[in-house]
Amino acid sequence: MDALRQKYLDAIAAVSEEAGLEDLRVQAVGKKGEVSLKMRELGKMTPDERQVAGPKLNALKDEINSALAAKKAALADAALDERLRTEWLDVSLPGREARQGTIHPISQVTEEIIAIFADMGFAVAEGPQIENDWYNFDSLNIPPHHPARQEFDTFYMHRDAEDDRAPHVLRTHTSPVQIRAMEKTGAPIRVIAPGRVYRSDYDQTHTPMFHQIEGMAIGEDISMANLKWVLEEFFAAFFEIDGIKTRFRASHFPFTEPSAEVDIQCSWVDGQLRIGEGDGWMEVLGSGMMHPKVLQAGGVDPEKWQGFAFGIGIDRLAMLKYGIPDLRAFFDSDLRWLRHYGFASLDQPNLARGLSR
Ligand code: PHE
């Protein structure tokens with residue numbers, strides 16, 4: 001028994017990996033281990049012999065088990081020490097910078113515009129960016145061969161040669177939302193509809209995708225005077241400039257009669273865009289009294305109701321307000337541009353506090 005004891009204690013001391021310990025445990029005290037087999041022999045002994053051998057064997061088994069446990073703990077400690085010695089962190093290094101994203105000027109300006117019109121009782125409506133030509137054209141009094149269809153530089157959705165359904169288009173303006181809102185709510189109604197619109201056009205002040213906000217107010221005695229007041233009220237609040245000059249120009253749209261386009265006074269000095277000064281004008285919206293046929297297309301009785309509508313170019317307003325000279329840069333996703341012109345995420349437009357800072 002002493003030999004057995006010495007053999008296993010030496011072997012355990014010599015082991016350098018946890019796997020070796022397990023092998024030894026099986027060999028010594030496992031079901032068919034040497035110590036276990038010895039214990040089975042107890043049955044063949046006389047009671048006196050058993051009295052002596054039994055406790056000794058049990059003690060041996062306990063001794064080997066605790067030697068195994070102690071060695072296991074020692075190996076784990078050594079492994080941990082080794083890791084602590086080799087793995088280390090320099091907690092004095094500067095942290096990795098977590099860049100905050102910014103709110104795109106278009107999103108910011110859209111929220112500003114919504115806040116101003118909400119204050120005048122306008123609700124927000126929406127429509128799809130892929131429209132059928134009824135909503136984008138026909139319902140707005142632009143029949144199939146009307147020249148306005150050409151003027152719009154429309155993007156048409158692909159149709160297979162044998163597919164003769166009326167075309168779908170990327171909406172060229174937010175005006176189709178006029179019809180959708182009338183269908184949904186009827187009259188009286190006061191809504192604005194912000195969103196993306198598409199035209200095949202590209203230069204310093206045009207991109208193939210841009211943003212508009214449609215406005216529409218229908219009532220029993222809405223007039224051009226209400227339109228002018230609402231727009232002037234809007235520009236004063238939006239630009240926060242007293243006496244900002246606007247120019248209402250007689251114009252033509254198939255869906256309004258009479259119609260007016262509105263320009264804002266501005267100038268370009270050394271590539272810098274400035275509003276409210278100089279002798280330049282930037283067109284920012286189209287407007288007018290809703291055509292009876294448009295009211296009718298939306299299910300509103302033109303004998304009883306009349307309304308005004310306007311469509312504002314959001315991107316143009318953002319350029320003017322924040323002095324951004326080139327529209328194309330809005331959609332380049334250049335991080336330097338976004339960080340420069342973007343807004344902090346907590347800088348929510350709020351009429352009471354002032355719209356911009
Ligand atoms: N839909 C017109 C455009 O995109 C703007 C407009 C809207 C004009 C509403 C009049 C009334 O040019």
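The values are calculated or read from the model by the stated rules, or taken from the named source; none is laboratory data. Small disclaimer: the values here were computed from a predicted structure and weren't measured. All Cβ positions, even for glycine, are placed from backbone atoms using ideal geometry, and neighbour counts span all protein chains on display. For the accessible areas, the whole protein counts, side chains as well, though only heavy atoms, and no ligand, DNA or RNA atoms are used. Shrake-Rupley method; radii C 1.70, N 1.55, O 1.52, S 1.80 Å.
One table, with the values for the structure above:
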item	result
V169 being surrounded by 19 or more Cβ atoms within 10 Å (Cβ to Cβ), assigned to a strand (DSSP E or B) and within 11 Å of the ligand (Cβ to nearest atom)	no
Subset of region 188-213 [within 13 Å of the ligand (Cβ to nearest atom), at pLDDT below 95 and β-branched (V, I, T)]	none
Residue that is closer than 19 Å to R196 by Cβ and within 16 Å of the ligand (Cβ to nearest atom), where the choices are R316, R328	R316
Matching entry among E283, E240, E277, E232 (being among the charged types (D, E, K, R), within 34 Å of the chain's Cα centre (by Cα) and over 25 Å from V177 (Cα atoms))	E240
Residue within region 296-305 that is modelled with pLDDT under 95 and basic (K, R) present	no
Residue that is within 30 Å of F331 (Cβ to Cβ), open to solvent by 50 Å² or more (accessible area, probe 1.4 Å) and aliphatic (A, V, I, L, M), where the choices are I103, I113	I103
Qualifying position, being open to solvent by less than 50 Å² (accessible area, probe 1.4 Å) and away from the ligand (no atom under 13 Å from the Cβ), among P254, P302, P292	P302
Extreme residue, most open to solvent (accessible area, probe 1.4 Å), among residues of region 32-51 that are part of a loop (DSSP other than H, G, I, E, B) and farther than 17 Å from D2 by Cα	K32
Pair list, Cβ < 7 Å and 6+ apart or interchain, from region 247-259 residues that are within 9 Å of H291 (Cβ to Cβ) to residues that are more than 12 Å from the ligand (Cβ to nearest atom) and outside any strand (DSSP E or B)	P254/H146
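For every residue, the table says whether it meets (1) over 23 Å from the mean Cα position of the chain (by Cα); (2) of a type in the set (S, T, N, Q).
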{"residue": "L295", "(1), (2)": "yes, no"}
{"residue": "Q306", "(1), (2)": "yes, yes"}
{"residue": "A309", "(1), (2)": "yes, no"}
{"residue": "L335", "(1), (2)": "no, no"}
